[in-house]
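K.L.:
The following block contains the structure, expressed as structure tokens.
Just so you know, all these numbers are worked out from the coordinates, no wet-lab data involved. Here the structure is a predicted model, which is why all the values come from computation and not from measurement. We place every Cβ from the backbone using ideal geometry, glycine too, and count neighbours over all the protein chains shown.
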Amino acid sequence: MAYPTSIWNITHISMHVNKYAVYILIIFVIILVEDKMYCKYYGLKEKPFNVTSDPSFFFSSRKHNEALSHLLYGVTQRKGVIVLTGEIGTGKTTLCRFFLNQITKDVKTAFILNPSFSQTQLLEAVVRDFGILAKSRSRISLIWELNKFLLNQSERGHNVVLIIDEAQNLKPALLEQIRMLSNLETEKDKLLQVMLVGQPELNQILDLHDLRQLRQRVMVRYHISPLDRDEIKDYINHRLKIAGPNGRLVFKDEAVDKISKFSSGTPRLINMICDRALLAGFNAETSTIDENIINKCLAELESYSIGA
């Protein structure tokens, strides 16, 4: 039977797509197996350099400690609006998750990630994350239910914190709505503390003339900088210690220098190169990560570099 040309082309393309998918699957399985094998080889309980925001790996750098102090002060003193900024990969979300583990049970929180919502959708997300059962999805009803919840928590002596991550993605209209929520207060205290977390562009948005009322309500502000050069080796060793290799793994000083130059102190980039380095060390059957291993990994990751 002769198939039409179009069907033959589709079948031919499908065969290539399926072949490509198989290759990708094989590569994925190999990487997964190698990851598990390198953890076993080094005696690790888990991968020490994942790029996920795991608060158990929080590193108390000078800047991160200062940032945490600012957050705790702003919340405990009920300052209203708090702004935390930092470049991509500097550990803002990890810090927020660590902060959530530090606060007491009388502090109720909602944590909103990637807030690409309409005004009503944002209210719905906030209400839902606070565990409030709203009777209606209208804006008026949602604000009413939120206000009732805040008054109830205040009467019980509780503090309430709304954390919005990636806040640089919020449109001015949403930020104005957040300002109005931050206006909910008693004669003595703010009922809702709002923490806006985002990249430096957030500050530029807050400088807009139309947002001057919100800007005037920002009582606490902090910008997280990358790790200082002398903190990078401590950062690497800190994560290795938590993952549990019992001192078997060693990053040589010249390797740390290379990592420092590549990453410019950005934790996410440090994790990226160190994870590659452990895999390369496993393949070379060595527990010593030296300059040669880092150079091989840098060749693969050169496009990510922000260092000089």
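K.L.:
Between ILE88 and ARG62, how many nm apart are label points set 7 Å from Cα along the C-beta direction?
P.N.:
2.7 nm
K.L.:
What is the gain in length, in nm to one decimal, between ASN101 and LEU72 on full extension, counting 0.36 nm per residue of separation less the C-alpha to C-alpha distance? Don't jump to the answer; show the numbers that get you there.
P.N.:
On the way: separation 29, 0.36 × 29 = 10.44 nm, distance 1.15 nm.
Full extension of this stretch gives 9.3 nm more.
K.L.:
Okay, next question. With everything on Cα atoms, drop me the angle between helix 62-76 and the longest principal axis of the chain, reported from 0 to 90° to the nearest 10.
P.N.:
With both axes taken from Cα atoms, the answer is about 30 degrees.
K.L.:
State the percent of C-alpha pairs, over all pairs in the chain, separated by a distance greater than 24 angstrom.
P.N.:
In whole percent, the long-distance tail amounts to 62.
K.L.:
Grab the Cα-Cα distance for HIS209 and LEU133, subtract it from 0.36 nm times how many residues apart they are, and report the gain in nm with one decimal.
P.N.:
The HIS209-LEU133 span can extend by a further 23.8 nm.
K.L.:
May I pose another question? Give me the percent of DSSP beta bridges within segment 60-224 that run antiparallel, rounded to the nearest 5. Display every interim value, and only then the final one.
P.N.:
On the way: 1 of 22 bridges.
Taking every DSSP beta bridge within segment 60-224, about 5 percent pair in antiparallel fashion.
K.L.:
Something else about it: Counting only Cα atoms, I'd like the Rg/Rh figure for segment 60-224, Kirkwood definition for Rh.
P.N.:
Across segment 60-224, the Cα-based Rg/Rh ratio is 0.94.
K.L.:
Under the definition of Cα pairs under 8 Å and six or more residues apart, what whole-number percent is the relative contact order of segment 60-224?
P.N.:
Across segment 60-224, relative contact order equals 38 percent.
K.L.:
Between the helical axis of 119-129 and the dominant principal axis of the chain, each derived from Cα atoms, what acute angle in degrees is found, rounded to the nearest 10?
P.N.:
Helix 119-129 and the main axis of the chain meet at about 80 degrees.
K.L.:
If contacts are Cα pairs under 8 angstrom and at least 6 residues apart, what is the relative contact order of segment 147-305 in percent? Please list the in-between numbers first.
P.N.:
Working: 147 pairs, mean separation 27.5, N = 159.
In percent, rounded to a whole number, it is 17.
K.L.:
Starting from the amide H of ILE224, placed 1.01 Å from N in the peptide plane, find each other amide H under 5 Å away whose residue is 5 or more places distant or on another chain.
P.N.:
THR85, GLY86
K.L.:
Using a simple charge model, +1 on the beta-carbon of Lys and Arg, -1 on the beta-carbon of Asp and Glu, nothing else, what dipole does the chain show about its Cα centre, in debye to the nearest 20?
P.N.:
The dipole magnitude comes to about 820 debye.
K.L.:
Which Rg and Dmax, in Å, describe the Cα atoms of segment 199-285?
P.N.:
Here Rg and the maximum Cα pair distance are 18.9, 60 Å.
K.L.:
Quick one: net charge around ARG215, please, counting Lys, Arg +1 and Asp, Glu -1 for every other residue with C-beta under 15 Å from its C-beta.
P.N.:
Numbers: positive: LYS79, ARG179, ARG212, ARG217, ARG221; negative: GLU176, GLU201, ASP207, ASP210.
That sum, taken over residues with Cβ under 15 Å, equals +1.
K.L.:
Residue-wise, which Karplus ³J(HN,Hα) couplings in Hz belong to segment 199-205, taking 6.51 cos²θ - 1.76 cosθ + 1.60, θ = phi - 60°, and x for glycine or proline?
P.N.:
With coefficients 6.51, -1.76 and 1.60, one gets 6, x, 4, 4, 5, 5, 5 Hz.
K.L.:
Of LEU301, GLN193, THR52, whose Cα points farthest to the positive end of the dipole of the chain (charges on the beta-carbon: +1 Lys, Arg; -1 Asp, Glu; origin at the Cα centre)?
P.N.:
GLN193
K.L.:
Under unit Cβ charges (Lys, Arg +1; Asp, Glu -1), what dipole magnitude, rounded to 20 debye, does segment 60-224 have relative to its Cα centre?
P.N.:
In total the dipole reaches around 240 debye.
K.L.:
A follow-up question, please. Counting alpha carbon pairs within less than 8 Å and at least 6 residues apart, what relative contact order, in whole percent, applies to the chain?
P.N.:
24 percent
K.L.:
Compute the long axis of helix 232-243 from its Cα atoms, compare it with the longest principal axis of the Cα atoms of the chain, and write down the angle in degrees, 0 to 90, nearest 10.
P.N.:
90 degrees
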